[in-house]
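The values are calculated or read from the model by the stated rules, or taken from the named source; none is laboratory data. Being a predicted model, the structure only gives us computed values, none of them experimental. Please note: Cβ atoms are built from the backbone with ideal geometry, for glycine as well, and neighbour counts cover all protein chains shown. Remember, those area values only see protein heavy atoms, side chains included, never the ligands or the DNA or RNA. Shrake-Rupley method; radii C 1.70, N 1.55, O 1.52, S 1.80 Å.
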Amino acid sequence: MIGEVPNVEAGQGFSTRRLAHEAGVHRPLQAGICGTKKTGAESIVVSGGYKDDEDYGDVIVYTGHGGQDGAGNQVSDQSLEDSGNAALVTSYLEGLPVRVLRGYQGDTPYAPAAGYRYDGLYRVTSYGSKLGIDGFLIW
């Protein structure tokens, strides 16, 4: 479902990602992007999983999905063929809102102290690729 979730308000906290899943805020229990190329992105999680993410509160420079090893290092290029990355592009092209869930793992003053927090709807205002910190193509 794109857009707001019934009975969930911006600022609402969840002690675990499973509870955010059960509330319908972000369905995947592990992936950071929920959505498909066809429908667009429903939601993203900002939780420090990618070194290249930048969180300025009302603006997020969000690194796409893919190409990481288990230790959080980018070890290969990302692709727009990845369903999560393609979903964000569709959201940009169609002007669709994306729910943002922030996790306590984020190294930013905007991250909650514990658990996860639904921070409302954001818009994808641009997208592009660049070489990331680890030297691989990121979207």
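Among the residues of segment 2-29, those that are open to solvent by 30 Å² or more (accessible area, probe 1.4 Å) and either on the phi > 0 side of the Ramachandran plot or not in a loop (DSSP other than H, G, I, E, B) (or both) comprise Asn7, Gly11, Gly13, Arg17, Arg18, Leu19, His21, Glu22, Ala23. Quick check on segment 30-51: of everything there that is charged (D, E, K, R) and part of a loop (DSSP other than H, G, I, E, B), which residue is farthest from Ala113 (Cα to Cα)? By that ranking, first place goes to Lys38.
Within the option set Asp53, Asp69, Asp58, Asp77, being under 16 Å from the mean Cα position of the chain (by Cα), among the acidic types (Asp, Glu) and closer than 23 Å to Leu137 by Cβ holds for one residue only, Asp53.
Yes/no matrix, rows are residues, columns are (1) hydroxyl-bearing (Ser, Thr, Tyr); (2) more than 19 Å from Tyr92 (Cβ to Cβ); (3) modelled with pLDDT under 95:
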{"position": "Val5", "(1), (2), (3)": "no, yes, no"}
{"position": "Val8", "(1), (2), (3)": "no, yes, no"}
{"position": "Gly13", "(1), (2), (3)": "no, yes, no"}
{"position": "Thr16", "(1), (2), (3)": "yes, yes, no"}
{"position": "His21", "(1), (2), (3)": "no, yes, no"}
{"position": "Leu29", "(1), (2), (3)": "no, yes, yes"}
{"position": "Gly32", "(1), (2), (3)": "no, no, yes"}
{"position": "Glu42", "(1), (2), (3)": "no, no, no"}
{"position": "Asp52", "(1), (2), (3)": "no, no, yes"}
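Looking across segment 77-120, the residues that are touching a helix residue (DSSP H, G or I) at 6+ places or on another chain (Cβ under 8 Å), assigned to a loop (DSSP other than H, G, I, E, B) and surrounded by 17 or more Cβ atoms within 10 Å (Cβ to Cβ) come down to Gln78, Leu96.
Pairs are defined by a Cβ separation below 7 Å, a sequence spacing of at least 6 or placement on different chains, a first member in segment 42-64 that is hydrophobic (A, V, I, L, M, F, W, C) and crowded, with 24+ Cβ neighbours inside 10 Å, and a second member that is part of a strand (DSSP E or B) and at pLDDT below 90; no pair meets this definition. Just one residue in the set Val89, Val100 is in contact with an Asp or Glu (Cβ under 6 Å, 6 or more places away or on another chain) and at pLDDT 95 or above; that residue is Val100. Against the conditions (1) under 21 Å from Pro28 (Cα atoms); (2) open to solvent by less than 50 Å² (accessible area, probe 1.4 Å); (3) free of Cβ contacts under 8 Å to residues at least 40 places away in the same chain, Gly128 satisfies every one except (1).
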